[in-house]
Each structure stands twice: as C-alpha cells, then as structure tokens.
Protein chains: 2
Amino acid sequence: MDGAQTYQVSVNTVSENCTSCSLAAGCLPKGLPWQQWRQLDALARHPAVFVRRQRIYSQNAPFYSCYIVKSGAVKTVYINAQGQERVLGLYLPGDLFGLDGVGDGSHTCSAQALERSLICRINFADLEQHMARMPKLQRLLLQLMSDQLNAAHGLICSLSQSTAEERVVRFILELSDRYRQRKLSGTEFRLAMTKTDAANYLGLAVETLSRVLGRLRNRGLIRIQGRQLQILNEAALKAIADPSHIFLDS
Amino acid sequence: MDGAQTYQVSVNTVSENCTSCSLAAGCLPKGLPWQQWRQLDALARHPAVFVRRQRIYSQNAPFYSCYIVKSGAVKTVYINAQGQERVLGLYLPGDLFGLDGVGDGSHTCSAQALERSLICRINFADLEQHMARMPKLQRLLLQLMSDQLNAAHGLICSLSQSTAEERVVRFILELSDRYRQRKLSGTEFRLAMTKTDAANYLGLAVETLSRVLGRLRNRGLIRIQGRQLQILNEAALKAIADPSHIFLDS
DNA sequence: CGGGCGATTGACATTCATCAAGTCAAGTGG
DNA sequence: CCACTTGACTTGATGAATGTCAATCGCCCG
C-alpha cells in the first residue's frame, strides 16, 4: 500500500468507447478500418482514474492486460535487487504500455501514474483473439513493439556514446516531437516527470541534469522554470543532439 | 570481400526444413504442435551461408524478411551519423532477428555474420499470414519481441547503474546461460565476438574490457586465452553480477 | 615475409557521480 | 496562522571510474 487512494471514477471529458474517443486517431485503432473500431470497444474497459504515484501494475505481477494512456502520463520503472529504481519509459496520451509481460507471463517492471491520469485497460487474451481476426491490428501490435525496441536501442546508443548534454538535448527534442504529434505545442510544454525521474531515465545524476539545463538556459537555448520548458533555439539544440550536423547555409 | 573462412563443419545436423531440423525445438516452431511445423517449412527459405563480416541486411534497407541463425553467430549494429558503430545484439543458433524493421518498414540497424554462419530467411508477409492462422505462432512472435525488449531494458539498467566489472561479469554469465540452453558447455566456450565488439556492446572501451578480464583472471575466477573462456568460479561471478546477493549458506 | 587487425599495458585526462549545504514551495498539524 | 516537515531543485567542491592516447606485441592471412 502506498498512500494513494483508488478513485475509480470515469470522467465525461474522455469517452468510454473507442468509436467516440477523441484520441482514437492516434491510439490503438490507428489505421484500422472504421468498422472495426466497434469491435475494439468490446475490448477496452472503461478508463479508470489513477492519481499521482499510483501503481497501474507491479513488477513480477502476473500479466493479464496492457494499458493505454487516455490522459495524463505514466512511467515504467524497474527496481533491481538493491532496491535502486531505473526509469525505463514515459508514456503519454495514446501510448500503449504493459506489453513487457508477454515474454514470460509476468511484468518485468512497474507502471506508475506521474499525475492524475485516465487509463484504459485491455485484456490481453481478448486482444490476441481480435488480432487473429484483424490483420491490421496484428501488424499494429508488432509495429508497436518494434517501435519500443527501437526506442530502447536509441537510449542504449545515447547511454554509451553520448555526453550528458547530448542526452539531455535529445530528450528535450524527443518530448517536443511527441507533443507535436499530439497536436500540442512542440516549443513550450511541461515536463511530465520530476527532474529526478528524468535524470534517472537519462542515466544521469539529478545534479548533472540540473547543471546541464542551467547551461542551456545561460546560452539562451531554452527557458526553464520548474517543469515548464520553452525551446528558444531549436536549430541550435538539433545541432547539439546530432554533432555531425554541419550548417552549410544558415 | 574479406578473407574469412572458418569451416564449421557441423553441417549435416542442420537440415533445410523445420520438420527435420535438429534446432527446431529451440527455434521458431518452439511450442507449436508438430503438425504445424510442416506449414513453417513452406515459409523458411533454404538456409544460406554467410561468411565472417558479411552483411545479412543493412541499416535503412527496406524490411521484407526476418532471419533465424542455424549455425554460427550474428551481431546487429547501429551506425550513427558520425559513423560510430554501436553493437546492439548478439544472436546464436535458434535466435530470430531482423524484426527491428517492422516499425516503419525499414531496418534500423545492420546485421553481420561474426563467423561462417547458416541463416534461414523468412518472408515477413508470409509469416504474418501464418500468424493469423496459428494463434501459438502469433503469441510466440509477441513473446519474442517482448523478450528482446526486456533484454534491451536489462542492458539499459546495466549501462546506467553498474560498474564496468559488473557489466562484464553479467555478460559472461549471460553467454554461459545461452550456451547452456543450447545444450553446450556453460563453463567453457568461445566468445563469438571480438573483444572490441564485446566492449562496444557493453558500452566500454576495449582497454577497459581487457583490464577487467585480466583482473578476473588474476583473481582466479576465469581462464581466458584469446576468445576461449572458462569459468572457474561461477558462484563468485554471480556474487559480483548481483551485489545484493548474500551467501547465507555455502 | 610483411601488413594489419586485435589485444594488452601504461600514462594521462576528463566527465560525471558523490557528498554536502542550502533554497524554495507546498503541504501538514497544532 | 505559524512552525515544521518534506520533496524537488540548485550550486559548489572533490574524487573516482573510465575514456583517450600511445607504444608494443602477437598472430593470422595474404
């Protein structure tokens, strides 16, 4: 038990079925023929509310379902034998998570809400049955897992070949992209995680993250107060993220 | 072309179709009902020979197929904009690789044979069709991707929270396990990669790897000459790999 | 025999983690 | 409403782990 109560109340800003959900276009039904959305509705449970820090599932728990973020944000963390936490993923509205458990039938990491969030739960056995009948859904799932694998590989490359600054800048640009994909501002947004979590995700000490952000601010590349971030010079950031880039004209 | 000929004479144990392949039990058909193996035979192309350093597929190439190692060994590498190489995976007989391309339809990394290897190619479109008809195969593929994702996450944790020594030891133990799973000796085996590649995979400089291995040898935990490795004190290695482990009885 | 890659070893440099203090904001309880 | 606590963040000083550079060796392969 951790002190987060368990309100499970659905909210009328976000609809309870895929056919009328404003997120559907960027969510699981993405790319599916419209008629098949109705079938998905049978799958998805009413979205449930999770408060900040509340667990959605726990490491080592048996795997029955995967989840989709409707609103808010979620992190996945792995806790090793020494009790150290390692942040593995950040999920924003429309993102599916929880498939880490398919491998051996139990979750390999925990998922926690970073703020008040609405989460759809999808029973995996049901999902599998639908997959067999809907080739596009089958493909979608594989693509999704492949994307996550590629993201992990990107992080691996960053961790072993990049400086703290490069990692931080790439993180900022990645967030920017993801917000843009969601039709939100890509130049001004709020970090969903605490800086401690963000540093952990990047394999850095909080202090290092703090210093790097300070430096970026002093150079006039970003503005940052608290978790509110604004990108002032995107080109310069991109140049840092990809050091091989040379400005032929500018 | 590079001269690489390493006759791995094993051959007649490896056959051209799944039903008679000695690897089948630990390969893709794993867990499928025997009758369905024949259907897989329709999928898999005759295994092809690749020599050391030969590419199996290239980064950015369009994705049509995935592959299975029948004999030998394969590495996948990502080459960044600066031309630096990063080793992402090591694949041994029975392992499937190449699904990195499902995401956006093109491979995100290259695959290279580490020694003379036999590789089965499987057309992905065909595989997908069979998946729809064979629920177990569908599940298997998802599990496989999940496993790879979990492996990547393990590496991420190691890279950001572990010392060079811990990483190296875990790598050795992981190899040991994988060889054991293949019914080979888990205490004495040959590193499939050069030490340069292994160091790269572990996010270390070759020099560091060399020094760490030297230290492990001096402490009598392993014997190593060239790529031939022998584990002398597995318990001690495990204690290093998982520092929280305390010997209650021994 | 010669060339080159892979590996080892030593000396040195540097990034980043760690430790320590202190600020700030937001609760929380009396 | 004020003292107290707590968590998130910042800033500075220091040190350690590991990368980088350089020299050398052995060995495989042409």
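Being in contact with an Asp or Glu (Cβ under 6 Å, 6 or more places away or on another chain) and either over 30 Å from residue B:162 (Cα atoms) or within 14 Å of another protein chain (Cβ to nearest Cβ) (or both) is a property that does not hold for residue A:42.
Selection over segment B:26-48 of residues that are more than 17 Å from the chain's Cα centre (by Cα) and not in a loop (DSSP other than H, G, I, E, B) gives a count of 12. Scanning segment A:225-239 finds no residues that are within 14 Å of DNA strand D (Cβ to nearest atom), in a helix (DSSP H, G or I), within 14 Å of chain B (Cβ to nearest Cβ) and in contact (Cβ under 8 Å) with a residue 60 or more places away in the chain. Could you identify the single residue in A:232, A:237 that is away from DNA strand C (no atom under 16 Å from the Cβ), at pLDDT 95 or above and surrounded by 18 or more Cβ atoms within 10 Å (Cβ to Cβ)? Exactly one of A:232, A:237 is away from DNA strand C (no atom under 16 Å from the Cβ), at pLDDT 95 or above and surrounded by 18 or more Cβ atoms within 10 Å (Cβ to Cβ), namely A:237.
If you go through segment B:159-180 and pick out every residue that is out of contact with any helix residue (DSSP H, G or I) (no Cβ under 7 Å at 6 or more places or on another chain) and more than 16 Å from DNA strand C (Cβ to nearest atom), you end up with 6. Taking segment B:93-117 as the range and being under 27 Å from residue A:138 (Cβ atoms) and of a type in the set (D, E, K, R) as the test, the residues that pass are B:95, B:100, B:104. The residue of segment B:186-196 that is nearest to DNA strand C (Cβ to nearest atom), among those that are assigned to a loop (DSSP other than H, G, I, E, B) and closer than 12 Å to residue B:228 by Cα, is B:194. Give segment A:134-148 a look and list any residue that's farther than 21 Å from residue B:147 by Cα and either at the interface with chain B (Cβ under 8 Å from one of its Cβ atoms) or out of contact with any helix residue (DSSP H, G or I) (no Cβ under 8 Å at 6 or more places or on another chain) (or both), or say none. Listed by number, the list holds a single entry, A:135. Given the condition touching a residue at least 24 places away in the same chain (Cβ under 8 Å) and more than 29 Å from residue B:65 (Cβ to Cβ), answer yes or no: does some residue in segment B:146-156 qualify? There is no residue in segment B:146-156 that is touching a residue at least 24 places away in the same chain (Cβ under 8 Å) and more than 29 Å from residue B:65 (Cβ to Cβ).
Screening residue A:158 on (1) within 22 Å of the chain's Cα centre (by Cα); (2) surrounded by fewer than 17 Cβ atoms within 10 Å (Cβ to Cβ); (3) hydroxyl-bearing (Ser, Thr, Tyr); (4) at pLDDT 95 or above shows it passes everything except condition (2). I'd like the residue in segment B:197-216 that is in a helix (DSSP H, G or I) and within 14 Å of chain A (Cβ to nearest Cβ) and, out of all such residues, is nearest to DNA strand C (Cβ to nearest atom). Restricting to residues being in a helix (DSSP H, G or I) and within 14 Å of chain A (Cβ to nearest Cβ), the top hit is B:206.
Tallying residues that are in a loop (DSSP other than H, G, I, E, B) and touching a residue at least 12 places away in the same chain (Cβ under 8 Å) within segment B:50-106 yields 19.
Within segment B:108-120, being more than 10 Å from chain A (Cβ to nearest Cβ) and either assigned to a loop (DSSP other than H, G, I, E, B) or of a type in the set (A, V, I, L, M, F, W, C) (or both) holds for B:111, B:113, B:114, B:115, B:116, B:118, B:119, B:120. Using the structure shown, decide if residue A:123 is more than 8 Å from chain B (Cβ to nearest Cβ) and away from DNA strand D (no atom under 16 Å from the Cβ). Against the criterion (more than 8 Å from chain B (Cβ to nearest Cβ) and away from DNA strand D (no atom under 16 Å from the Cβ)), residue A:123 qualifies.
Taken over segment B:47-98, residues that are more than 14 Å from chain A (Cβ to nearest Cβ) and under 25 Å from residue A:243 (Cα atoms) amount to 2.
Looking only at segment B:193-212, count how many residues are farther than 17 Å from residue B:88 by Cβ and out of contact with any Lys or Arg (no Cβ under 8 Å at 6 or more places or on another chain). Within segment B:193-212, residues that are farther than 17 Å from residue B:88 by Cβ and out of contact with any Lys or Arg (no Cβ under 8 Å at 6 or more places or on another chain) number 5. When residues in segment A:90-103 are screened for being crowded, with 21+ Cβ neighbours inside 10 Å and farther than 18 Å from residue A:118 by Cβ, 4 of them pass.
Considering only residues that are at pLDDT 95 or above, away from DNA strand D (no atom under 16 Å from the Cβ) and of a type in the set (A, V, I, L, M), which ones fall in segment B:173-211? Passing the criteria: B:173, B:175.
The values are calculated or read from the model by the stated rules, or taken from the named source; none is laboratory data. Bear in mind the structure is a predicted one, so any value in this text is a computation, not a measurement. Counting neighbours? That spans all protein chains shown, and the Cβs are built from the backbone with ideal geometry, glycine included.
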